[in-house]
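Heads up, the thing below is written out as structure tokens.
The values are calculated or read from the model by the stated rules, or taken from the named source; none is laboratory data. Keep in mind that this is a model prediction, so the values were computed, not measured. A quick note on method: Cβ atoms are made from the backbone with ideal geometry, for glycine too, and the neighbour counts reach across all protein chains shown.
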Amino acid sequence: MSDVMLMVAELMALSARTAPKSMGQDYVNIRVLSGDDIIALADEMVCFGQESKKINFDRDADNVRRSDAVLLLSLKENKPLGLNCGACGYSNCADLREKEGPEFAGPLCAWRLFDVGIALGSAVKTASILNADNRIMYRVGIAARRLGMIEGPVAVGVPISAYSKNIYYDRPEKNK
């Protein structure tokens, strides 16, 4: 089944790539993980949770470890769209200066984040159509950035699996 799930992840990546982007400019990074990369990612999630003392990194790492593939999406770079709309907190796009935070960099251009969100929605729609269980996980993105598996100021991951019961839901909190 893992070959089939890897193909599903590649089709999810295709959906993310072809999703509409602001002004037709593509600032979305996409990567599919499988095999040992998934184990390394899960291990890093556990480490970050322990270091930061934030809950549920271990719970989500268990899900990732049991997954057949993981789709990663990130914003390539925080290049403002140029609308001077103020959604990022600055009245002029030229004033937007990103700085690294504890998990991600910011502030970010809202329109570029919308692009990542639309690509993400397109990818999980594809997973759903193909009956692949999936869940969008922000904790995956933190670990993937820390490991250099994907670059960009913000990242997110979508693990996928095919079990008789969806492993990504009805999950208890593991550490409080």
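Numbers at a glance
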| quantity | calculated |
| --- | --- |
| Residue within segment 139-156 that is of a type outside the set (S, T, N, Q), modelled with pLDDT of 95 or more and farther than 16 Å from Arg31 by Cβ present | yes |
| When residues of segment 1-36 are limited to those that are part of a loop (DSSP other than H, G, I, E, B) and touching a helix residue (DSSP H, G or I) at 6+ places or on another chain (Cβ under 7 Å), the one surrounded by the fewest Cβ atoms within 10 Å (Cβ to Cβ) | Pro20 |
| Residues being within 20 Å of Glu77 (Cβ to Cβ) and without any contact (Cβ under 8 Å) to a residue 60 or more places away in the chain - total across segment 1-24 | 2 |
| Matching option when the condition is modelled with pLDDT under 95 and either touching a Cys at 6+ places or on another chain (Cβ under 9 Å) or buried (at least 19 other Cβ atoms within 10 Å of the Cβ) (or both), among Leu96, Leu120 | Leu96 |
